[in-house]
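Visitor: Would you mind keeping the following structure in view while I ask a few things?
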Amino acid sequence: MDLTNLSVISLAHQNMRYLTEKERVIATNLANANTPGYLPKDVQKPTFSGELSQTLALKTTNPMHMSGTGSASFTNKVYTPRPTTPLTIDGNGVIVEDQLNEASKASGEYNRMITIYNKYRTMLRAANTKINI
């Protein structure tokens with residue numbers, strides 16, 4: 001049984017890819033905290049409905065059904081948000097405390113996704129002993 005076709009596993013995987021990218025961007029922001037003129041970047045979080053429509057490919061079995069959109073392509077969009085706080089004298093916009101707070105939130109969300117994945121895997125194992133995951 002291929003677990004990547006299950007919607008819960010696929011959604012958890014996509015969210016974990018997003019969180020990995022977010023942590024990479026935060027690390028880059030922290031590394032450039034003293035770079036003159038550097039503005040912090042962020043990753044656009046995909047909407048739940050967008051993820052769901054990409055994950056669940058709807059199939060029409062009757063011509064009267066609405067056609068579904070299904071595409072497994074998921075891209076993270078890195079962008080530079082407009083600064084909401086004053087920049088430093090050298091034009092740097094990185095606030096270390098904010099970046100560390102974002103890193104902590106991303107790490108907590110990532111751990112939650114791992115927990116969901118493991119609980120779902122345990123449930124599948126209990127339901128079917130022939131699944132080797």
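Visitor: Calculate the spin-label point distance for LYS45 paired with LEU6, positioning each point 7 Å from the Cα along the beta-carbon direction, and give it in nanometres.
Guide: Spacing of the two 7 Å Cα→Cβ label points: 2.5 nm.
Visitor: Ignoring ligands and nucleic acids, what accessible area does ILE9 show with a 1.4 Å probe (Å², nearest 10)?
Guide: 20 Å²
Visitor: Considering only protein heavy atoms, what is the solvent-accessible area of SER7 at a probe of 1.4 Å, reported in Å² to the nearest 10?
Guide: Near enough 50 Å² of accessible area.
Visitor: Further question: R0 = 35 Å: FRET efficiency of ALA126 with MET16, Cβ-based, nearest 0.05?
Guide: In this case the efficiency is close to 0.90.
Visitor: Now for a separate question. Between LEU30 and THR88, what is 0.36 nm times their sequence separation minus the Cα-Cα distance? Round to one decimal in nm.
Guide: 19.4 nm
Visitor: Further, regarding this structure: First select every other residue whose beta carbon is under 14 angstrom from the beta carbon of ILE26; then total the charges, Lys and Arg +1, Asp and Glu -1. Before the final figure, lay out the partial values.
Guide: Values: positive: LYS22, ARG24, LYS41, LYS45, LYS105; negative: GLU21, GLU23, ASP42, GLU97, ASP98, GLU102, GLU109.
The answer is -2.
The values are calculated or read from the model by the stated rules, or taken from the named source; none is laboratory data. This structure is a prediction, so every number in the text was calculated from the model and none was measured. Using ideal geometry, Cβ is built from the backbone for each residue, glycine included, and neighbour counts are taken over all protein chains shown. Note: accessible area is taken over every heavy atom of the protein model, side chains too, but ligands, DNA and RNA are not part of it. Shrake-Rupley method; radii C 1.70, N 1.55, O 1.52, S 1.80 Å.
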